[in-house]
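The values are calculated or read from the model by the stated rules, or taken from the named source; none is laboratory data. Quantities reported herein were computed from a predicted structural model and do not represent experimental measurements. Glycine also receives a Cβ, built like all others from the backbone with ideal geometry; neighbour counts cover every protein chain displayed.
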Amino acid sequence: MFAYAGAALGGISLLTVLDRYPGIIEPLWALLAAWLILGGLLAFSGQLRQRWTGEYVGLPLIFSALAGFGLLQGNVQSWQATSIPSVALLWSFALLMGARWLDVSALYRAARRERP
């Protein structure tokens, strides 16, 4: 639950550093930060209310934002040796969010089948 809140807070903090990445990357950076904020808030509220729909909708946004940030991080640093660990870390968290979404998706589908 706190990981989702952390994702939202991370997105908010990323919006404060947009001036460091001028040009074409800035709008994409802002879009991914917005996805991270929205996905984090949706997933956090879903966990807080014990409703799967918040996570079901929010996790793909977090996943795609983290994967996108991984690509942007590598491109900003021109894929130097120092960028590889940060890219790997972002992608590993993205894959963890994707795995969680698969679990939530199975629960969501099972809950929909049980409805009258």
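Yes/no per residue for (1) assigned to a loop (DSSP other than H, G, I, E, B); (2) within 17 Å of residue 58 (Cβ to Cβ):
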| position | (1), (2) |
| --- | --- |
| 81 | yes, no |
| 84 | no, no |
| 88 | no, no |
| 92 | no, no |
| 95 | no, yes |
| 99 | no, yes |
| 102 | no, yes |
| 107 | no, yes |
| 113 | no, no |
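Residues that are surrounded by fewer than 23 Cβ atoms within 10 Å (Cβ to Cβ) and hydrophobic (A, V, I, L, M, F, W, C) were ranked within the range 49-66; the one that is modelled with the lowest pLDDT is 52.
Given the residues 64, 78, which is the only one that is more than 14 Å from residue 97 (Cα to Cα), out of contact with any Ser or Thr (no Cβ under 9 Å at 6 or more places or on another chain) and free of Cβ contacts under 8 Å to residues at least 40 places away in the same chain?
Working: 64 fails: more than 14 Å from residue 97 (Cα to Cα).
Selected residue: 78, the only one of 64, 78 that is more than 14 Å from residue 97 (Cα to Cα), out of contact with any Ser or Thr (no Cβ under 9 Å at 6 or more places or on another chain) and free of Cβ contacts under 8 Å to residues at least 40 places away in the same chain.
Listed by first and then second residue, the pairs linking a residue in the range 98-116 that is closer than 16 Å to residue 42 by Cβ to a residue that is of a type in the set (Ser, Thr, Tyr) and assigned to a helix (DSSP H, G or I), with Cβ atoms under 8 Å apart and 6 or more places separating them unless they lie on different chains, are 101/56; 104/56; 105/56; 108/53; 108/56.
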